[in-house]
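Reviewing the structure listed below.
The values are calculated or read from the model by the stated rules, or taken from the named source; none is laboratory data. Only a predicted model underlies this, so the values are computations on that prediction, with no experimental measurement involved. Every residue, glycine as well, gets a Cβ built from its backbone with ideal geometry; the counts of neighbours run over all protein chains shown.
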Amino acid sequence: MLAILSLAISLAFVWPVGIPWALALLGVSYVSELYANGQTAGNWTAVYAAGLLLAGELAYWSLSLRIPARRQPTLMTRQAAFLVLLIAGSLALATLLQLIALVPINGSPVLVLISVLTAATALGLITSLAWRGHRASG
Amino acid sequence: MRDAETALPGLRLSAFATSKLGAYAGLSAAGLLCALVLGRVEPLVLASPFLLVLTIGLALVREPRLGVALRLDRERAVEGEEVQLEIELRAGSPIDTVELWLPLPSGVQAVDRHAGMVLRLNDEERRYVSHPLRCDRWGGYLVGDLIVRASDRFGLLAFETRNSGALPLRVYPRPEVLHSILRPAETQAYSGNEVSRQAGEGIEFAEIREFAPGDQVRQINWRVSARRERLHVNQRHLERNTDVILFLDTFDEITNSRASTLDLTFRAAASLASRYLERRNRVGLIGFGGTLRWLTPAMGLVQLYRIVEALLDTHISLSYAWKGIDVIPARTLPPKALVVAISPLLDERSLNALFDLRRRGFDLAIIEVSPVPFVAPGSTEEEQLGYRLWLLKRDTLRYRYQRLGIPVAVWQQGEPLDKAIEEVRAFRRYARHAAA
């Protein structure tokens, strides 16, 4: 409910800051529900992930459309087509991750180390990419 | 004209991260951390799409290469007309989204009311975008400020620059249609459309007198000659031109959200100048204010353009220095000129200058651009009393001018200028009859 309220306020008042909070709250609520029901990653986690991205993309797109401007007619079609591809790609990636997670591998210190290293590498990649974006912005 | 071979000046774009980049980076990091801390894969799966967008988006982003040029289809327009602002874009690389924002000066606005345009450019594409502008208010403007923002498909980084344009656009006031103008008391020696008091060759009948050597045979009035048994000739009024000086009081300006006394002053000046110049008169201009401006009287279309350009360049500049009409060059106020003063009758210096003009024998008429509609009476009793006293003071001032034989006609916003002109004409007619 809080997530929907945050998203609604963001769209109503053209407030981009509220969108990631809405998405985060939706993610937290999903994971909490899984925890509460004692479930592991269900069949719908990948779909939910793609849905979160779709919600985020549509929210940012709608904010950009609020500004009064003449738009090239083909832009909307291209953007919609790109969004479909993006959602399909993210669904594929999320499904792949989910399938990997289902592989029964017993935990071992080596495996934990690999997981930590992978996560750290991923975090480092995100940080460097974000830093690159920050540097580009001067 | 478009020159396909001209290289457009490239824009220097500054990159900045959009809020989407920060949001997706935050969500990705949060998902990864949660997955590590909780030891569950679900947060990682939920964060993976955002991570995918970040990775691909930032890896593929490149600084766009873009050139821009702006042109106006003309530099001069009349109030209410449209001009076309053409924007030429040349992309040195494919750009998914280009946003163009045109901040326009007050007085000029986009016809379709849109603040900007969004389009896409392919590699090496040259695009021409036409943006019609409507000139709402007269004045001199600089058009061509342009904000350009380019972003990639993912919307993570944007590249922006501001192009300061300096395309001059001069919007002339739309003159009012005047059905009558003030006729001068005296005319000049040159041929024109004004009926002179002198008799001679002309169209308008003046009198009949006895034939004198040198008179033309065709001037003989045979009927009167037969009746009086002596030759008589018709005399007609000469048609001469006149000198008209437009005396504009630019010391003060009272405004509201829609207009100002200076607006009305300039509109009246442009209308009168246009009408007098059409009738082959010489028209001069005096902008009597903080900055003194003048144009010596001249004829023709060129003089009309000079007068209108001078009006566009005139603005209120505050000054507390005392000024009399001595500062006005003598050649700007030729003798026997008709001086039409357009003034809100607020500043003491203008009021005294007008009295001085009359004392020096100039044929003077005043069109009072009424500041009353621009002033609210006030809410308190003292304010309303002050307002009424101010109105009384203005009535007294008008009476003082009229006692000296100076016609004063009040012209308010929304009224035709013809009405004020007719009031002045009626006063002068009455004054002439009273004097006779």
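If you take the residues of segment B:332-389 that are among the polar types (S, T, N, Q) and surrounded by 17 or more Cβ atoms within 10 Å (Cβ to Cβ), which of them is farthest from residue B:285 (Cα to Cα)? Working first, answer last.
Within segment B:332-389, the subset among the polar types (S, T, N, Q) is B:332, B:343, B:350, B:352, B:370, B:379-380, B:384.
Now restrict to residues that are surrounded by 17 or more Cβ atoms within 10 Å (Cβ to Cβ): B:332, B:343, B:350, B:370.
Working: B:332: 8, B:343: 13, B:350: 15, B:370: 21 Å.
By that ranking, first place goes to B:370.
Which residue, of B:432, B:349, is under 27 Å from the mean Cα position of the chain (by Cα) and modelled with pLDDT under 90?
On the way: B:432 fails: under 27 Å from the mean Cα position of the chain (by Cα).
Testing whether each residue is under 27 Å from the mean Cα position of the chain (by Cα) and modelled with pLDDT under 90 leaves just B:349.
Taken over segment B:411-436, residues that are part of a helix (DSSP H, G or I) and surrounded by 14 or more Cβ atoms within 10 Å (Cβ to Cβ) amount to 11. Within segment A:39-47, does at least one residue satisfy the condition of being facing chain B (nearest Cβ under 10 Å), closer than 29 Å to residue A:96 by Cα, surrounded by 14 or more Cβ atoms within 10 Å (Cβ to Cβ) and of a type in the set (S, T, N, Q)? Looking through segment A:39-47, at least one residue is facing chain B (nearest Cβ under 10 Å), closer than 29 Å to residue A:96 by Cα, surrounded by 14 or more Cβ atoms within 10 Å (Cβ to Cβ) and of a type in the set (S, T, N, Q). In segment B:151-186, the residue that is farthest from the chain's Cα centre (by Cα) out of those that are over 30 Å from residue A:60 (Cβ atoms) and acidic (Asp, Glu) is B:186. Of the listed requirements (1) more than 7 Å from every other protein chain (Cβ to nearest Cβ); (2) surrounded by fewer than 16 Cβ atoms within 10 Å (Cβ to Cβ); (3) not β-branched (Val, Ile, Thr), residue B:14 misses just one: (1).
This table checks each residue for (1) modelled with pLDDT of 90 or more; (2) closer than 21 Å to residue B:401 by Cβ; (3) among the acidic types (Asp, Glu).
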{"site": "B:280", "(1), (2), (3)": "no, no, no"}
{"site": "B:313", "(1), (2), (3)": "no, no, yes"}
{"site": "B:319", "(1), (2), (3)": "no, no, no"}
{"site": "B:336", "(1), (2), (3)": "no, yes, no"}
{"site": "B:344", "(1), (2), (3)": "yes, yes, no"}
{"site": "B:376", "(1), (2), (3)": "no, no, no"}
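Considering only segment A:12-33, how many residues are free of Cβ contacts under 8 Å to residues at least 24 places away in the same chain and crowded, with 17+ Cβ neighbours inside 10 Å? Spell out the reasoning first.
First pass over segment A:12-33, keeping only residues free of Cβ contacts under 8 Å to residues at least 24 places away in the same chain: A:12-13, A:15, A:17-18, A:21, A:24-25, A:28, A:30-33.
Checking the rest, the ones that are also crowded, with 17+ Cβ neighbours inside 10 Å come to A:18, A:21, A:24-25, A:30-31.
Number of matching residues: 6.
Against the conditions (1) in contact with a strand residue (DSSP E or B) (Cβ under 7 Å, 6 or more places away or on another chain); (2) within 19 Å of residue B:253 (Cα to Cα), residue B:364 satisfies every one except (2).
Residue-by-condition table, conditions (1) assigned to a helix (DSSP H, G or I); (2) modelled with pLDDT of 75 or more; (3) buried (at least 16 other Cβ atoms within 10 Å of the Cβ); (4) not assigned by TED's automatic domain parsing to the domain that holds residue A:57:
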residue	(1), (2), (3), (4)
A:81	yes, yes, no, no
A:84	yes, yes, no, no
A:87	yes, yes, yes, no
A:91	yes, yes, yes, no
A:94	yes, yes, yes, no
A:99	yes, yes, no, no
A:119	yes, no, no, yes
A:124	yes, no, no, yes
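Can you confirm whether residue A:54 is within 21 Å of residue B:30 (Cα to Cα) and either at pLDDT 90 or above or more than 11 Å from chain B (Cβ to nearest Cβ) (or both)? Yes: the conditions hold for residue A:54.
Would you call residue B:140 more than 14 Å from chain A (Cβ to nearest Cβ), in contact (Cβ under 8 Å) with a residue 40 or more places away in the chain and in contact with a helix residue (DSSP H, G or I) (Cβ under 8 Å, 6 or more places away or on another chain)?
Numbers: more than 14 Å from chain A (Cβ to nearest Cβ): yes; in contact (Cβ under 8 Å) with a residue 40 or more places away in the chain: yes; in contact with a helix residue (DSSP H, G or I) (Cβ under 8 Å, 6 or more places away or on another chain): yes.
When the stated conditions are applied, residue B:140 passes them.
Quick one: would you say residue B:266 is within 15 Å of the chain's Cα centre (by Cα) and outside any loop (DSSP other than H, G, I, E, B)? Working first, answer last.
On the way: within 15 Å of the chain's Cα centre (by Cα): yes; outside any loop (DSSP other than H, G, I, E, B): yes.
Here the answer is yes, as residue B:266 does meet what is asked.
Of the residues making up segment B:110-150, those that are surrounded by 15 or more Cβ atoms within 10 Å (Cβ to Cβ), under 22 Å from the mean Cα position of the chain (by Cα) and farther than 21 Å from residue B:172 by Cα number 1.
Report yes if some residue within segment B:159-180 is surrounded by 16 or more Cβ atoms within 10 Å (Cβ to Cβ), basic (Lys, Arg), at pLDDT 85 or above and closer than 30 Å to residue B:54 by Cα; otherwise report no. Looking for residues that are surrounded by 16 or more Cβ atoms within 10 Å (Cβ to Cβ), basic (Lys, Arg), at pLDDT 85 or above and closer than 30 Å to residue B:54 by Cα, one finds none in segment B:159-180, hence no. A Cβ distance below 8 Å, combined with a sequence gap of six or more or placement on separate chains, defines the contacts here; from segment B:260-284, residues that are hydroxyl-bearing (Ser, Thr, Tyr) reach residues that are part of a strand (DSSP E or B) and at pLDDT 90 or above in the pairs B:261/B:369; B:265/B:248; B:265/B:249; B:265/B:342; B:265/B:343; B:265/B:369; B:276/B:244; B:276/B:283.
Just checking, which of B:52, B:66, B:70, B:60 is in contact with a Leu (Cβ under 8 Å, 6 or more places away or on another chain), within 14 Å of another protein chain (Cβ to nearest Cβ) and not basic (Lys, Arg)?
Working: B:66 fails: within 14 Å of another protein chain (Cβ to nearest Cβ); B:70 fails: within 14 Å of another protein chain (Cβ to nearest Cβ); B:60 fails: in contact with a Leu (Cβ under 8 Å, 6 or more places away or on another chain).
Residue meeting the stated conditions: B:52.
The requirement of being away from chain A (no Cβ under 14 Å) and in contact with a Gly (Cβ under 8 Å, 6 or more places away or on another chain) is fulfilled nowhere in segment B:108-116; no residue meets it.
On the stretch given as segment B:382-410, residues that are among the small types (Gly, Ala, Ser) and not in a helix (DSSP H, G or I) total 2.
Taking segment B:36-49 as the search range and keeping residues that are facing chain A (nearest Cβ under 7 Å) and assigned to a helix (DSSP H, G or I), which one is surrounded by the most Cβ atoms within 10 Å (Cβ to Cβ)?
The initial filter retains those residues of segment B:36-49 that are facing chain A (nearest Cβ under 7 Å), namely B:36, B:41-46, B:48-49.
Now narrow it down to the ones that are assigned to a helix (DSSP H, G or I): B:36, B:42-46, B:48-49.
Numbers: B:36: 18, B:42: 26, B:43: 23, B:44: 27, B:45: 27, B:46: 33, B:48: 29, B:49: 30.
Restricting to residues being facing chain A (nearest Cβ under 7 Å) and assigned to a helix (DSSP H, G or I), the top hit is B:46.
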